[in-house]
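Heads up, the thing below is written out as structure tokens.
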Amino acid sequence: MPGDNRIDRSRRAFLRRPLAGLVEARDQSDIKRTRDTAADPWRPPWASATFEDACTRCGACLEACPEGILVKGDGGFPEVDVTQGSGECTFCQACVDACPEPAFEAPDTHSPWDWVARIGSGCLATNGIVCQTCGDVCDYDAIPFAPEESGPPVPWLNPDSCTGCGACVAACPAQVIKIVHHSRHQAN
Ligand code: SF4
Ligand code: SF4
Ligand code: SF4
């Protein structure tokens, strides 16, 4: 949130390179598997490529998350839902620390995920109504606004800065921001 200093500069820099870390750390076939399914669930940060094999659905990560954004999804497996709790992941790692199974990658050597936000059609600003809510709530300066000759400035999403924290998703009054895999963001 604006003025919130919980995330220091070095940590921001680490979180800003999710793709690089994942490509270095994971087998390429695993990355393809987790990206190619339209209904890919949004697993907690640092979830391994074989998360469903290791997770026993004990719910420890849900209880540990101080932001209250983890819920039981399909099959009882944990998923991120930023319409719940505080509405954003702070990358505190409490979910990773609470898990008794080998379901997560090590946060000190892996980036959290390759999810980023995407602004869909229906944005208020692009329809002539002044709104900069998404830019205001983004801790990572990932949503700049471009001036328009007629009408209010319009947002654009910089996927290289976006960490996929989800803060903008719940904040958008038009509910037009979604979290997608980085590869899909670039493809659209
Ligand atoms: S990193 Fe922290 S805020 Fe994010 S899902 Fe895990 S416990 Fe919740
Ligand atoms: S998900 Fe939204 S708020 Fe979070 S870094 Fe990306 S653009 Fe900013
Ligand atoms: S918060 Fe939503 S409606 Fe407002 S500028 Fe951002 S994307 Fe558009």
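Couple of notes before you dig in:
- Tensor-based shape of the stretch 100-152 (alpha-carbon gyration tensor, a/c under 1.5 rounded, otherwise prolate or oblate): prolate
- Heavy-atom accessible surface of the stretch 115-187, averaged per residue, reaches 47 Å², computed with a 1.4 Å probe.
- Between Ala146 and Asn127, the simple spin-label model (points 7 angstrom out along Cα→Cβ) gives 2.0 nm.
- Full extension of the segment from Cys58 to Cys92, taken as 0.36 nm per residue of separation minus the current Cα-Cα distance, would add 10.3 nm.
- Normalised by 2.2 N^0.38 Å, where N counts its residues, the alpha-carbon radius of gyration of the stretch 115-187 equals 1.02.
- Percentage of interatomic Cα-Cα distances in the stretch 45-102 larger than 15 Å: 41
- Each part gets one Cα centre, and for the stretch 98-127 versus the stretch 47-94 those centres are 12 Å apart.
- In terms of the mean number of neighbouring beta-carbon atoms within 10 Å, the peptides 162-171, 148-157, 71-80 order highest first as 162-171, 71-80, 148-157.
The values are calculated or read from the model by the stated rules, or taken from the named source; none is laboratory data. All of these numbers come straight from a predicted model, not from anything done at the bench. Every residue, glycine among them, receives a Cβ derived from its backbone with ideal geometry; neighbour counts consider all protein chains shown. All accessible areas refer to the heavy atoms of the entire protein, side chains included, with ligands and DNA or RNA removed. Shrake-Rupley method; radii C 1.70, N 1.55, O 1.52, S 1.80 Å.
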